[in-house]
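Asker: Here it is, the structure, as structure tokens.
The values are calculated or read from the model by the stated rules, or taken from the named source; none is laboratory data. Predicted model only: the values in this text are computed from it and were never measured. Note that we place each Cβ from the backbone using ideal geometry, even for glycine, and neighbour counts take in every protein chain shown.
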Amino acid sequence: MIFIETKLKGCFVLEPNVFSDNRGYFFESYNEEKFAKGIGTKIDFVQDNQSFSSHGVIRAIHYQLGEHSQAKLVRVLSGKILDVAVDLRGDSPTFGQHFSIELSAENKKQLFIPRGFGHGFSVLSETAEFFYKCDNFYNKESEGGIVYNDTTLAIDWQLAPKSIKVSEKDLVLPTIKKARL
């Protein structure tokens, strides 16, 4: 597996070594030792989550605060998404900047998003099945979010405005300037 650090320190793209032949393919999607060496620290994942969404869905920028903050390792099992990580670390030189990457079942890439980041994605294919590991358990009282169309972040979700589908909960999230960080 190849680990490529993004412009946001601690956030990595993972590219697997895929072995293909006339029967199909095989690749190692996670190996604790290789992962720790690749990102430079040991992460203990404690929870796996999976979602299924249709074209045009945007799952806005979500995060957990304080001691409930979460690092995530995300990938796509079917379909194609635009995955977005936003640096919300107040002391970071890249605070408020985002990194986006197309993740798909075809390219098999993964994104590691460290604690202190917000995360969201948009579905670019007809449907997408999304899978991610977390290093901390979800805590409702610690959840935070930023509205998907925040002009300060200026994220290009790569969707036509008329095709966008956002939950009622995500539509009323604050901008980064008003968010609880």
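Asker: Just checking, which of L159, L181 is within 21 Å of E102 (Cβ to Cβ) and either in contact (Cβ under 8 Å) with a residue 60 or more places away in the chain or in a loop (DSSP other than H, G, I, E, B) (or both)?
Answerer: L159
Asker: Related question: With the structure loaded, tell me whether F130 is under 24 Å from N31 (Cα atoms), modelled with pLDDT of 95 or more, of a type outside the set (S, T, N, Q) and part of a loop (DSSP other than H, G, I, E, B) or whether it fails that test. Can you show your working first?
Answerer: On the way: under 24 Å from N31 (Cα atoms): yes; modelled with pLDDT of 95 or more: yes; of a type outside the set (S, T, N, Q): yes; part of a loop (DSSP other than H, G, I, E, B): no.
In short, no.
Asker: Return the total of residues in the range 95-105 being in contact with a Cys (Cβ under 9 Å, 6 or more places away or on another chain) and part of a loop (DSSP other than H, G, I, E, B). Let's see the steps before the verdict.
Answerer: Taking the range 95-105 as the starting set, the residues that turn out to be in contact with a Cys (Cβ under 9 Å, 6 or more places away or on another chain) are 99.
Imposing the further condition that a residue be part of a loop (DSSP other than H, G, I, E, B) reduces the set to none.
Of the residues in the range 95-105, 0 are in contact with a Cys (Cβ under 9 Å, 6 or more places away or on another chain) and part of a loop (DSSP other than H, G, I, E, B).
Asker: Right, here's the next one. Got at least one residue in the range 149-169 being acidic (D, E) and under 21 Å from I43 (Cα atoms)?
Answerer: No, every residue in the range 149-169 fails to be acidic (D, E) and under 21 Å from I43 (Cα atoms).
Asker: Checking R89 against (1) of a type outside the set (V, I, T); (2) loosely packed, with under 13 Cβ neighbours inside 10 Å; (3) outside any strand (DSSP E or B), only one condition comes out false. Which one?
Answerer: (2)
Asker: Something else: Only one residue in F99, F52, F131, F117 is surrounded by fewer than 18 Cβ atoms within 10 Å (Cβ to Cβ), under 16 Å from the mean Cα position of the chain (by Cα), closer than 23 Å to I2 by Cβ and touching a residue at least 24 places away in the same chain (Cβ under 8 Å). Which one?
Answerer: Values: F99 fails: surrounded by fewer than 18 Cβ atoms within 10 Å (Cβ to Cβ); F52 fails: closer than 23 Å to I2 by Cβ; F117 fails: surrounded by fewer than 18 Cβ atoms within 10 Å (Cβ to Cβ).
Only one candidate qualifies: F131.
Asker: Please tell me if K108 is exposed (fewer than 12 other Cβ atoms within 10 Å of the Cβ), in a loop (DSSP other than H, G, I, E, B) and not acidic (D, E).
Answerer: Criteria not met by K108.
Asker: Can you find, within the range 33-49, the residue that is surrounded by the fewest Cβ atoms within 10 Å (Cβ to Cβ) among those that are in a helix (DSSP H, G or I) and charged (D, E, K, R)?
Answerer: E33
Asker: From the residues in the range 134-172 that are acidic (D, E) and within 17 Å of the chain's Cα centre (by Cα), which one is surrounded by the most Cβ atoms within 10 Å (Cβ to Cβ)?
Answerer: Taking the candidates together, the pick is D170.
Asker: Residues that are in contact with a Pro (Cβ under 8 Å, 6 or more places away or on another chain), modelled with pLDDT of 95 or more and farther than 30 Å from F26 by Cβ: does the range 146-154 have at least one?
Answerer: As a first pass, look at the range 146-154 and keep what is in contact with a Pro (Cβ under 8 Å, 6 or more places away or on another chain): 146-147.
Among the residues that remain, those that are also modelled with pLDDT of 95 or more are: 146-147.
Applying the additional criterion that residues be farther than 30 Å from F26 by Cβ yields 146-147.
Yes: the range 146-154 contains one or more residues that are in contact with a Pro (Cβ under 8 Å, 6 or more places away or on another chain), modelled with pLDDT of 95 or more and farther than 30 Å from F26 by Cβ.
Asker: I'd like to know if the range 10-32 contains one or more residues that are without any contact (Cβ under 8 Å) to a residue 40 or more places away in the chain, in a helix (DSSP H, G or I) and exposed (fewer than 13 other Cβ atoms within 10 Å of the Cβ).
Answerer: Scanning the range 10-32 turns up at least one residue that is without any contact (Cβ under 8 Å) to a residue 40 or more places away in the chain, in a helix (DSSP H, G or I) and exposed (fewer than 13 other Cβ atoms within 10 Å of the Cβ).
Asker: Inside the range 60-79, can you point out the residues that are farther than 24 Å from T175 by Cβ, buried (at least 20 other Cβ atoms within 10 Å of the Cβ) and charged (D, E, K, R)?
Answerer: Listed by number, the list holds a single entry, R75.
Asker: From the list S92, S104, S125, pick out the single residue that is under 23 Å from F3 (Cα atoms), hydroxyl-bearing (S, T, Y) and either touching a strand residue (DSSP E or B) at 6+ places or on another chain (Cβ under 7 Å) or at pLDDT below 95 (or both). Break it down into steps so the answer makes sense when it comes.
Answerer: Working: S92 fails: either touching a strand residue (DSSP E or B) at 6+ places or on another chain (Cβ under 7 Å) or at pLDDT below 95 (or both); S125 fails: under 23 Å from F3 (Cα atoms).
The match here is S104.
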